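Heads up, the thing below is written out as structure tokens.
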Amino acid sequence: MTKPFVTDNRPKRTHALDRIEKARGVFDSKVSLFAKIGIVTVLFVAFVASFMLGRYPIMPAELFQTIGAHFLDPASLEGSKEDTAIFNIRLPRVIVVMLVGAALAMAGASYQGMFKNPLVSPDLLGASAGASLGACLALLLDLPSLMIQIFAFTGGILAVAGAVWLNKMVRYDPILGLVLGGILVSTLFQSGTSIVKLLADASDKLPAITFWLMGSFAKVDNQDLYLCLIPLALGFAVLLSQTWKLNVLSFGEEEARSMGVNTRRTRFLVIVASTLLSSTSVAIAGIVGWIGLVIPHLARAIVGPNYRVLLPTTMFIGAAYLLAVDDIARLVSSVEIPIGILTSVLGVPFFVVIFRRNMSGWR
Amino acid sequence: MGDCAALLEVERLNCGYGKLEIVHEATFVMGRGEFCCIIGANGCGKTTLLKTLLGLLAPQSGSVSIDGRPTAKMDEKELARYFAYIPQAHRPPFPFTVADVVLMGRTPYINRLAQVSDEDKAVAFESMELLGIEHLAERTYTQLSGGQQQLVLIARALTQEPLFLVMDEPTASLDFGNQQTVLSRMRSLSTRGTSVIMVTHDPDHALFCADRVLMMEEGRITGDDLTAAIITTENLQRIYGEDVVVLDVEAMPGRMERVCIPLLKDR
């Protein structure tokens, strides 16, 4: 044992059982059962509904019949339109939408906590703009999907690093400074995207890039799903492992270090993981804005600020919200509306309401 | 008083920011259960010295060691089990509950998966009991008064089960009554065996609760002795450059207390 003897000298604690019981009650999460069941139910309803809604509506009875037959008696479904719609078109889309919703919401919540700033999100920090430029470049160069993701991640990380660096340079009000840094970096990267568009072939690549930038899940297939699974899972796992430290970090750099947190490593992990989530989302679906700003605030208003509860909650709510919006995008008109337009249109009033309520969860 | 065995040894410590040296050749030792105040004028290096002890600043030369082991070789987690820092109460951006805040003191003990054991919860609860704030457990930290917030931060520090509690002006934003509450709680903690190092601007605070005072002037420790030996008219006039008298008065029949009285020049 290399343990120094001073630690061994400390009086051994003996805790009576009833006191441990008492302590447990005090420290356990106080989120109401109602809220938990509510959130899971909303997600489940959105999930089931997403298989039925669309240009080719499927009734609940047909849905369950087809799903049953798909696993029990695949032969009977030869050439079935329902089977194709459910498993080849809607299933990958629904899963990708949920993953992206969860990813953007979680990235936003993590950025906000780490920068101690209620106003940041993947969009405002420049991560989205950076990832877009990277992905557009890859599209311009006709690179494969994997390279699109790598380019997007590189762009995203560069943009976030730029925003943080500008914030340090300016030494202005730290909350506003970071937002300003993000706006400056976004502007810069958006100009880059415009140059890429200018260079793109106006007959095929330019419309493709433009449409993709508006944000859409219309072309998502199984291959996209497989490709995004690993980076997203990695991002989720890293962030969920840092929830305790995110709580401690919100008390500031010095206090967190004096409580035993390696703040440099934690910040690095959180920034890389959040940016990985944001840029992977951008690489798949283009710019789907506002999720990373709105959902964390909504989740905080429901379950409070403790990241150990908050992060999983943002995943569920983000997934449910984006699924619902994607369903609207599919249904509203005969031509599918790019989802990025819808999330922005819905996000603004949503955010105004949350802001008017004193930013619940921040005070 | 602390026992004689030196627990903390600071030897010829030079520290500061970057290349700028602020504290020169600081040397002192501390034992278990000692309550030590550091006094000195603004800018004399008190806070720099504290930050270096806490490991927030790396020493430029010299060493800080606990029980013979240099702290420079310890990581954050290990250091946090020896030193707990009690900052001035300030507002974190999130409305955590008091229970959440106190439990954060277990950070140096929890594993990678951040599983909180019953032991962790029991230690946190005991800290709250010790400071008499267990009834606040479910309240929102950000909505408490300054004095209550300070007690919560002390409970959080105790939850780290440290050997040293380190405080920088912990009472600066508290009213008169709350200052006394906080300082007397700190005093009773030190008699239970936790050593306390406190930077203070108010020599009366040192008189109120310290066993011993380190006096700092321009980055050097110029006095290290029992409180009564350091807090004298001559010393205070010199380090603060103002007219001050230190008197021993009979605060209650049979009870002598030392007080500092600032003097207005033109009276």
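A short reminder: the numbers here are calculations on the coordinates, not readings from a lab. Computed from a prediction, not measured in an experiment: that's the story for all the values here. Every residue, glycine among them, receives a Cβ derived from its backbone with ideal geometry; neighbour counts consider all protein chains shown.
Estimate the FRET efficiency between A:Ser191 and B:Leu20 by the formula 1/(1 + (r/R0)^6), using the beta-carbon distance for r and 45 Å for R0, to the nearest 0.05.
Computed FRET efficiency for A:Ser191 and B:Leu20: 0.65.
I want to make sure I understand the PRE zone here: with the label point 7 angstrom from the Cα of B:Ser61 toward its beta carbon, which residues in segment B:7-25 have backbone N atoms less than 15 Å away?
Only B:11-16, B:19-25 fall inside the zone, counting backbone N under 15 Å.
Using a Förster distance of 30 angstrom, determine the FRET efficiency expected from the C-beta separation of B:Asp75 and B:Arg238, and round it to 0.05.
About 0.15, to the nearest 0.05.
Tell me the relative contact order for chain A as a rounded percent, counting alpha carbon contacts under 8 Å between residues six or more apart.
26
When DSSP assigns beta bridges and you keep just the ones with both residues in the protein assembly as shown, what percent turn out antiparallel, to the nearest 5?
On the way: 30 of 48 bridges.
Restricted to the protein assembly as shown, the bridges split so that about 60 percent are antiparallel.
Pull out a ≥ b ≥ c, the square roots of the eigenvalues of the alpha-carbon gyration tensor of segment A:161-277, then state rounded if a/c is under 1.5, prolate if not and a/b is larger than b/c, and oblate in the remaining case.
Oblate is the answer for segment A:161-277, as a/c is 1.5 or above yet b/c matches or exceeds a/b.
Exposure proxy check: A:Ser241, A:Ser121 ranked by fewest other beta carbons within 10 Å?
Fewest to most other Cβ atoms nearby, the residues stand as A:Ser241, A:Ser121.
Give, in nm to one decimal, the length gained when the segment between A:Phe355 and A:Ile328 is fully stretched (0.36 nm per residue of separation minus the Cα-Cα distance). Display every interim value, and only then the final one.
Details: separation 27, 0.36 × 27 = 9.72 nm, distance 2.49 nm.
Computed gain between A:Phe355 and A:Ile328 is 7.2 nm.
Could you line up A:Asp204, B:Asp204 from fewest to most neighbouring Cβ atoms inside 10 Å?
Final ranking by Cβ density, sparse to dense: A:Asp204, B:Asp204.
Given that compact globular proteins tend to follow 2.2 N^0.38 Å, what is the ratio of the alpha-carbon Rg of segment A:86-356 to that value?
Compactness ratio reported: 0.96.
How high is the relative contact order of segment A:252-363, in percent, with contacts defined as C-alpha pairs under 8 Å that are six or more residues apart?
Result for segment A:252-363 is 31 percent.
Apply 1/(1 + (r/R0)^6) to the Cβ-Cβ distance of A:Lys81 and A:Val40, taking R0 = 35 Å, and write down the FRET efficiency to the nearest 0.05.
Efficiency, from the Cβ-Cβ distance: 0.65.
Using 0.36 nm per residue, how much length does the chain from A:Phe47 to A:Arg264 gain when fully extended, once their Cα-Cα distance is taken away?
74.2 nm
So what is the orientation-averaged projected area of segment A:90-165, using the convex hull of its C-alpha atoms, in nm²?
With the hull built on Cα positions only, its mean projection is 5.6 nm².
From Cα pairs below 8 angstrom and at least 6 apart in sequence, can you work out the relative contact order of chain B, rounded to a whole percent?
Reported as a whole number, the value is 23 percent.
Regarding segment B:84-201, what's the average projected area of the Cα-atom convex hull, expressed in nm²?
Its Cα hull, projected and averaged over all orientations, spans 7.2 nm².
When you look at the Cβ of every residue in B:119-128, what mean number of other chain Cβ atoms sits within 10 Å?
5
By how many degrees, between 0 and 90 and to the nearest 10, does the Cα long axis of helix B:118-130 differ from the longest principal axis of chain B?
30
Quick one: grab the alpha carbon gyration tensor of chain B, order the square roots of its eigenvalues as a ≥ b ≥ c, and give me rounded if a/c is under 1.5, else prolate or oblate depending on whether a/b is larger than b/c.
Here chain B falls in the oblate category.
Calculate the mean, over all residues of peptide B:65-77, of how many other protein chain Cβ atoms lie within 10 angstrom of the residue's Cβ.
Counting Cβ atoms of other protein chains within 10 Å of each residue's Cβ and averaging gives 2.
For segment B:92-112 and segment A:226-252, what is the separation of their C-alpha centers, rounded to whole Å?
18
Compute the distance in nm between two label points, each set 7 Å from the Cα along the Cα-to-Cβ direction, one at A:Glu21 and one at B:Leu113.
2.7
Order the peptides B:13-20, B:227-234 from the highest to the lowest mean number of other Cβ atoms within 10 Å of their residues.
Those peptides, ordered most packed to least, come out B:227-234, B:13-20.
Two decimals is fine: what's Rg over Rh for segment B:31-107, C-alpha atoms, Kirkwood radius as Rh?
My calculation puts Rg/Rh at 1.00.
Taking the Cα atoms only, what angle lies between the long axis of helix A:17-27 and the longest principal axis of chain A, rounded to 10 degrees?
Helix A:17-27 and the main axis of chain A meet at about 50 degrees.
Please list, short to long, the whole-number percent of alpha-carbon pairs of the protein assembly as shown in consecutive 10 angstrom bins beginning at zero.
3, 14, 21, 20, 16, 12, 7, 4, 2, 0, 0
Give me the Debye-computed log₁₀ of I(q)/I(0) at q = 0.12, 0.14, 0.16 Å⁻¹ for segment B:115-267, equal point scatterers on Cα only, no solvent, two decimals.
-0.62, -0.80, -0.98
Order by neighbour count: B:Arg12, A:Arg267, fewest other Cβ atoms within 10 Å first, most last.
In order of increasing Cβ crowding within 10 Å: B:Arg12, A:Arg267.
For A:Lys22, which aspartates and glutamates qualify as cross-link partners when the Cα separation must be under 16 Å and same-chain residues fewer than eight apart are set aside?
Those aspartates and glutamates meeting the cut-off are B:Asp100, B:Asp118, B:Glu119, B:Asp120, B:Glu126, B:Glu129, B:Glu134, B:Glu138.
If the cut-off is 19 Å between C-alpha atoms, which aspartates and glutamates fall inside it for A:Lys36, apart from same-chain ones fewer than 8 positions away?
By straight Cα distance, A:Lys36 reaches A:Asp28.
Give me the distance in nm between label points sitting 7 Å out from Cα along the Cα-to-Cβ direction at A:Val348 and A:Asp221, one decimal.
3.6
So, in Å, what gap is there between the alpha-carbon centers of segment B:126-151 and segment A:121-155?
Between the Cα centre of segment B:126-151 and that of segment A:121-155, the gap is 47 Å.
Please compute the modelled spin-label separation between B:Glu250 and A:Met214, points set 7 Å along Cα→Cβ, answer in nm with one decimal.
For the pair A:Met214/B:Glu250, the computed spacing is 9.2 nm.
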